[in-house]
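The values are calculated or read from the model by the stated rules, or taken from the named source; none is laboratory data. Just so you know, these numbers come straight off a predicted model, no measurement behind them. Quick reminder, even Gly has a Cβ in these numbers, built from the backbone with ideal geometry, and neighbours come from all protein chains shown. What goes into the accessible areas is simple: the full protein's heavy atoms, side chains included, and nothing from ligands, DNA or RNA. Shrake-Rupley method; radii C 1.70, N 1.55, O 1.52, S 1.80 Å.
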Amino acid sequence: KIGIDTFEDFIIEIDRNSGLIGNVWDLREILQMDRYTFQKIDDGSDWFHANAIIHDPRDNSIIVSGQTQGLAKISWQNELKWILAPHDGWDDKYKDYLLEVKSDIFEWSWGQHAPQILNNGNLIQFDNGWGREFGNAKYNYSRAVEYKIEENPIGGEISQVWQYGKDRGEEMFSPFISDVDFLEDSQTVF
């Protein structure tokens, strides 16, 4: 968005036929801009670093991936629904939005990309591992991970269903970019 001091923190819907702007989501209005426990990029103007967005047709909302802050689900009216991120560093007013871990085997995603809603309603994404454990991880790895999210009107619960890549360690580590997709025809993850 031109004319502001931050970047990669607006989502703008543009009609591809007319070129007109439809909806606008301003992440600065609904998320905590000074949460730097993941990692502060440069001077903080890239506080969210949006790298992916998907539409959730089940409730006409969007899920936005921010490299430094995790995933956020947002209504069409720019209202926060939930946050998928480690709970450290969030102000009290965001606590109800943070997804609560429900499974025994679970790891947060770090610097993630490419969220995708599967036909079973679960969410799959590429967990880059960038800044894992707030920079305190014993070794680096990336993985594909599938989560089951049970939503409440605000917040909800999360379980880890499946992951692949952790055991491959540095061999498959990609600190930024990357993608994961579920291929319905072959029932495989690519």
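Per-residue counts of other Cβ atoms within 10 Å, averaged by peptide: what ranking do you get for 174-183, 64-73, 119-128, highest first?
Answer by packing, highest mean first, reads 64-73, 119-128, 174-183.
Starting at 0 and stepping by 10 Å, how many percent of the alpha carbon pairs of the chain end up in each bin?
Percent of pairs per bin, in order: 9, 36, 38, 15, 2, 0.
Give, rounded to the nearest 20 debye, the magnitude of the charge dipole that the chain has about its Cα centre when Lys and Arg contribute +1 at Cβ and Asp and Glu contribute -1 at Cβ.
With Lys and Arg at +1 and Asp and Glu at -1, about 140 debye.
Residue 34 to residue 76: FRET efficiency via 1/(1 + (r/R0)^6), r the Cβ-Cβ distance, R0 35 Å, to the nearest 0.05?
Values: r = 27 Å, r/R0 = 0.76.
Approximately 0.85, to the nearest 0.05.
Beyond 23 Å between alpha-carbons counts as too far, so tell me which of 81/148; 93/138; 1/95 fall in that bin.
Distance filter (> 23 Å) returns 93/138; 1/95.
What FRET efficiency do you get for residue 4 and residue 91 if R0 is 22 Å and r is their Cβ-Cβ distance, rounded to the nearest 0.05?
That pair, residue 4 with residue 91, gives E of 0.55.
The range 107-164: which trypsin sites (Lys or Arg not before Pro) are DSSP loop and have at most 10 other beta-carbon atoms within 10 angstrom?
Passing both the DSSP loop test and the Cβ count: 138.
Considering only protein heavy atoms and a 1.4 Å probe, what is the carbon-and-sulfur percentage of the accessible area of the range 41-190? Spell out each step's value before the answer.
Working: 3520 of 7320 Å².
Heavy-atom surface of the range 41-190 belonging to carbon and sulfur, 1.4 Å probe: 48 percent.
Which whole-number value in Å² is the accessible area per residue of the chain, probe 1.4 Å?
Working: 10090 Å² over 190 residues.
I get 53 Å² per residue for this part.
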